[in-house]
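What follows is one structure encoded as structure tokens, with my remarks underneath.
The values are calculated or read from the model by the stated rules, or taken from the named source; none is laboratory data. Keep in mind it's a predicted model, so treat the numbers as computed, not measured. When we count neighbours, we look across all protein chains shown, and the Cβ atoms used for this are built from the backbone with ideal geometry, even at glycine. Areas reflect the complete protein model, heavy atoms only, side chains present, ligands, DNA and RNA absent. Shrake-Rupley method; radii C 1.70, N 1.55, O 1.52, S 1.80 Å.
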Amino acid sequence: MRIDLHTHSSRSDGTEPPAELVRLAREAGLDVVAITDHDTTAGWDEAAAAADGVGIELVRGMELSTRHGGRSVHLLAYLTDPTDTDLLAETERVVAGRRERVPALLEKLTAAGFELTAEDIERATPPGAVTGRPHIADALVARGVVATRDEAFATVLGPNGPGFVRRYATPLLDAIDLVSRAGGVSVLAHPWARSSRQVLDPETVARLRDAGLTGLEVDHQDHDRDARAGLRGVAEELGLVVTGSSDWHGAGKADHELGCNTTDPEQYARLRAAARDAAAAAGRADSTEARR
Ligand code: AMP
Ligand code: FE
Ligand code: FE
Ligand code: ZN
């Protein structure tokens, strides 16, 4: 059984629509795939309908934009109740921050001498998506300013770049709590990637577990062999679920092919069991089975 628990569709910064994501996941030989767009459940229904059609198990998820110790930390949230008003309000706050940042970002880029218009950015944002930096990166690529998204982040849109504008992100501990209260489970996404490793030392991860964290994404392209071995040890010590995933973005991210990392079926079973417990503890009538 091949399980990939982290992918993006064009409802956030992936390049393929949810139905196409699911079809390609089946084509890649996956039995289970999670859709985890940034801060939105907008792709869930389309992905679910497609999953029924092609015969693949869909896990409904999101990748939440959080902050801890001044650093950006990504938190995968699985099997939450999409109607939970607290979680919904919080993701809407993040999405609004992302959307409202665009004019300021454009102004900074213009001041720095980049020729880019609001129309360029709109054109680079797929239907149903909220403009994020990856789309602005695509607009810069289309304009011939840079060659790739990566280059745009490295030279223009990153924290030290001329086009950086900070936006709101949920405090990490709040996010973990919101996910639990929405009857779902949370897994730290690529915790030891360069951007978040400093603030996610083993002691901190232990505190996050005590606050309700269920798992660690260990097998991810941003982790080298040493990072994976180290994280696996931390997970084992703390009793956390270990996941492995592609973080696929379609054409939006190189070297993240569907199924390039996968989750052990035993670990996936643990994740689902934790979600059942979380749903029961949160008093959700609908079981994870009903929401599958
Ligand atoms: P935003 O949430 O709009 O600030 O954009 C941040 C998103 O950009 C992250 O969630 C990543 O998915 C994406 N991202 C960050 N760095 C890169 C990169 N070097 N290349 C492509 N996408 C990136
Ligand atoms: Fe992304
Ligand atoms: Fe991420
Ligand atoms: Zn991701």
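Translational diffusion of the stretch 97-157, estimated by Stokes-Einstein from the Kirkwood radius over alpha carbon pairs at 4 °C in a medium of 1.567 mPa s, is 114 µm² per second.
Could you order peptides 195-204, 3-12, 274-283 by the average number of other Cβ atoms within 10 Å of their residues, highest first? Mind showing how you got there, number by number?
Working: 195-204: 15.5, 3-12: 26.8, 274-283: 17.0.
Highest to lowest by the protection proxy: 3-12, 274-283, 195-204.
Between the amide H of VAL59 and those of VAL33, ALA34, ILE35, distances stay under 5 Å, these residues lying 5 or more places away or on another chain, with hydrogens modeled in the peptide plane. Put simply, the amide H of LEU64, placed in the peptide plane, has neighbours under 5 Å in ASP39, LEU75, LEU76, ALA77, leaving out anything fewer than 5 places away on its chain. Within the accessible area of the chain, the carbon and sulfur atoms contribute 49%, probe 1.4 Å, all protein chains present.
Taking the centroid of alpha carbons for each part, the stretch 224-274 and the stretch 1-69 are 15 Å apart.
For GLU119 and THR155, FRET efficiency with R0 = 22 Å and r from the beta-carbon atoms, rounded to 0.05? Please report the intermediate quantities before stating the final value.
Details: r = 23 Å, r/R0 = 1.03.
The calculated FRET efficiency here is 0.45.
The packing ranking, built from the mean of other Cβ atoms within 10 Å per residue, places the peptides 92-100, 33-41 in the order 33-41, 92-100, highest first. Spatial offset of the stretch 172-209 relative to the stretch 113-161 amounts to 29 Å, using the alpha carbon center of each.
Compactness ratio of the stretch 37-163: Cα Rg over 2.2 N^0.38 Å, N = residue count?
Working: Rg = 16.7 Å, N = 127, 2.2 N^0.38 = 13.9 Å.
Working it through for the stretch 37-163, the quotient is 1.20.
If one takes the longest principal axis of the Cα atoms in the chain, at what angle in degrees, from 0 to 90 and to the nearest 10, does the Cα axis of helix 225-238 lie? Helix 225-238 sits at roughly 40 degrees to that axis.
Specify the angular offset, from 0 to 90 degrees and rounded to the nearest 10, of the alpha carbon long axis of helix 18-27 from the longest principal axis of the alpha carbons in the chain. Helix 18-27 and the main axis of the chain meet at about 60 degrees.
Accessible surface calculations at 1.4 Å, restricted to protein heavy atoms, place the chain at 43 Å² per residue. Taking the Cα centre of the chain as reference, the dipole from Cβ charges on Lys and Arg (+1) and Asp and Glu (-1) amounts to some 520 debye.
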